[in-house]
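Trainee: Once you've had a glance at the structure underneath, I'll fire off some questions.
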Amino acid sequence: MSKLIGYAEAIGHHGELVQGLFEDTGVHFRRALVSLPCRHLKTRASFRAQVDQPVTVSQPHCQKALRAAQMTLGAFGPEGLGGVLSVDSNIPIGRGMGSSTADVLASILAVMDCLRIEASSEQVMRIAVGAEIACDSTLFRQQAVLFAHREGLVMEAFRKPLPAFDIISVDTMPEATVNTLEFEPARYDAAEVEAFRPLRSLLRTAVNEADPHLLGKVATASAHLNERFLPKPRLDEIEAIGARFGAVGIQVAHSGTVVGLLFDKHDADAPRNIEQAADMLKRSAFEPTIFHS
């Protein structure tokens with residue numbers, strides 16, 4: 001039995017801490033990532049059920065969200081049920097911050113809320129991947145996972161959530177956007193694939209031991225490994241400013257335009273360091289935004 005209207009929200013992210021090609025079961029390699037959730041970035045969706053009506057969306061540009069709602073109804077809804085989907089988001093588009101995934105996830109969950117059903121994370125992710133080809137790991141808010149984003153599979157679940165970071169966000173190409181559907185996946189060479197092996201081990205240690213400094217080093221290494229596929233203008237300059245003021249590392253949107261300077265949330269000097277780093281970035285003609293965890 002469905003109710004008249006369902007609601008849900010999903011968060012965006014600030015790119016990835018890690019993204020690369022990782023070995024799975026000793027035979028296959030999968031593209032996988034660890035997203036950096038950002039609770040300030042959100043999509044809210046509502047779905048109002050209508051019998052014997054098609055599924056429509058109030059915002060015409062949200063076609064991925066529309067497909068997600070249609071697929072969810074096809075998988076779980078009674079025959080003949082349609083309705084109106086509405087999507088509202090504050091997540092910038094084309095920056096690699098998870099706007100489309102948040103729209104898709106919020107839409108799936110709103111339809112499920114309307115239907116009064118719960119589904120497993122695996123079922124939700126299968127629909128999300130079907131709706132937009134690839135998605136990120138922001139559904140897993142309480143647990144850090146290495147997520148195969150093109151297949152909707154958790155490759156590894158870590159024992160603890162991600163350490164808390166404060167972030168200085170810099171959009172390195174404010175005049176440009178990246179279409180993730182048109183962006184060609186990175187073609188790593190043999191040396192790069194090999195580099196992801198120890199990086200995964202360090203990632204596991206950093207998360208399981210709640211070590212933001214080690215995780216910052218892992219994120220920095222991943223950013224540089226992926227730099228040749230989607231270069232971030234003035235990345236070295238941003239990194240140098242961060243290092244001067246106590247940042248534990250940098251991270252990037254691997255299919256977007258933003259760079260983040262990572263600061264240990266629990267460092268007593270972090271507020272002052274963040275303010276000083278942001279001031280220097282402004283003097284260097286950047287437009288930094290601060291996100292607190």
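Trainee: What relative contact order, as a whole-number percentage, does the chain give when Cα pairs under 8 Å and 6 or more residues apart are counted? The partial results should precede the final answer.
Mentor: Numbers: 658 pairs, mean separation 63.4, N = 293.
With pairs under 8 Å counted, the relative contact order is 22 percent.
Trainee: Full extension from Asn208 to Ile5: what is 0.36 nm times the residue separation minus their Cα-Cα distance, to one decimal in nm?
Mentor: Additional length available on full extension: 69.1 nm.
Trainee: Shifting gears a bit: Quick one: length gained pulling Ala157 to Ala243 fully straight, 0.36 nm per residue minus the C-alpha distance?
Mentor: Full-extension gain reported as 27.9 nm.
Trainee: Note the full-extension length gain between Ile290 and Arg48 as 0.36 nm times their separation in residues minus their Cα-Cα distance, in nm to one decimal. Could the numbers behind the result be given before it?
Mentor: Values: separation 242, 0.36 × 242 = 87.12 nm, distance 3.58 nm.
Result for the pair: 83.5 nm of gain on full extension.
Trainee: Order by neighbour count: Tyr7, Tyr188, fewest other Cβ atoms within 10 Å first, most last.
Mentor: Going from least to most buried by this count: Tyr7, Tyr188.
Trainee: Return the long-range amide H neighbours of Gly82 (sequence gap of 5 or more, or a different chain), with a cut-off of under 5 Å between placed amide H atoms.
Mentor: Gln50, Val51, Asp52, Gln53
Trainee: If you don't mind, another one. Report relative contact order for segment 5-155 in percent, whole number only (criteria: Cα-Cα under 8 Å, sequence separation at least 6).
Mentor: After rounding, I find 30 percent.
Trainee: With charges set only on the Cβ (+1 for Lys and Arg, -1 for Asp and Glu), what does the dipole of the chain come to about its Cα centre, in debye to the nearest 20?
Mentor: 380 debye
Trainee: Quick one: if the Förster radius is 41 Å, what FRET efficiency do Ser58 and Ala190 give, using the C-beta to C-beta distance and rounding to 0.05?
Mentor: It comes to 0.25.
Trainee: Okay, next question. Pairing the Cα long axis of helix 63-76 with the longest principal axis of the chain, what angle in degrees results, from 0 to 90 and rounded to the nearest 10?
Mentor: 50 degrees
Trainee: Follow-up. Between helix 121-132 and the chain, what is the angle of the helix's C-alpha long axis to the longest principal axis, kept within 0 to 90° and rounded to the nearest 10?
Mentor: With both axes taken from Cα atoms, the answer is about 90 degrees.
Trainee: If you consider only alpha-carbon coordinates, what radius of gyration and Dmax does segment 5-155 have, in Å?
Mentor: Expressed in Å, the Cα Rg and Dmax of segment 5-155 come to 15.2, 49.
Trainee: Which trypsin sites (Lys or Arg not before Pro) in segment 246-293 pass both tests, a DSSP loop state and at most 16 other beta-carbon atoms within 10 Å?
Mentor: Lys265
Trainee: Among the listed pairs Lys64/Lys232; Lys64/Lys282; Lys42/Lys160; Lys160/Lys282, which are separated by more than 29 Å between their Cα atoms?
Mentor: Going by Cα-Cα distance, Lys64/Lys282; Lys160/Lys282 fall outside the 29 Å limit.
Trainee: Which distance in nm do the two modelled labels at Glu275 and Arg150 give, with both placed 7 Å along the Cα-to-Cβ direction?
Mentor: In this crude label model, Glu275 to Arg150 measures out at 4.6 nm.
Trainee: Strictly greater than 22 Å: what percent of every Cα pair in segment 110-257 meets that? Could the numbers behind the result be given before it?
Mentor: Numbers: 5466 of 10878 pairs.
Roughly 50 percent, rounded to a whole number.
Trainee: Follow-up question, since we're still on this one. Sticking to Cα atoms, compute the Rg of the chain to one decimal and its Dmax as the biggest Cα-Cα distance, whole number, in Å.
Mentor: 19.5, 62
Trainee: With θ set to phi - 60°, apply the Karplus curve 6.51 cos²θ - 1.76 cosθ + 1.60 along segment 89-106 and write out the HN-Hα couplings as whole Hz, x wherever there is a Gly or Pro.
Mentor: These are the phi-based 3J(HN,Hα) values: 9, 10, 8, x, 8, x, 10, x, 10, x, 4, 6, 5, 4, 4, 5, 5, 4 Hz.
Trainee: Could I ask something else about it? I need the phi-derived Karplus couplings for segment 268-273: 6.51 cos²θ - 1.76 cosθ + 1.60, θ = phi - 60°, integer Hz, Gly and Pro marked x.
Mentor: Whole-Hz 3J(HN,Hα) from phi for segment 268-273: 4, 8, 4, x, 5, 4.
Trainee: For the chain, what proportion of DSSP beta bridges, expressed in % and rounded to the nearest 5, is antiparallel?
Mentor: If I count the DSSP bridges inside the chain, around 95 percent turn out antiparallel.
Trainee: Taking H as built 1.01 Å from N, whose amide H comes closer than 5 Å to the amide H of Met155, not counting residues under 5 places away?
Mentor: Leu146, Phe147, Ala148
Where a number appears in this text, it was derived from the coordinates with a stated rule and is not lab data. What you see is a predicted model; the values in this text were computed from it and never measured. So basically every Cβ, Gly included, is an ideal-geometry build from the backbone, and we count neighbours across all protein chains shown.
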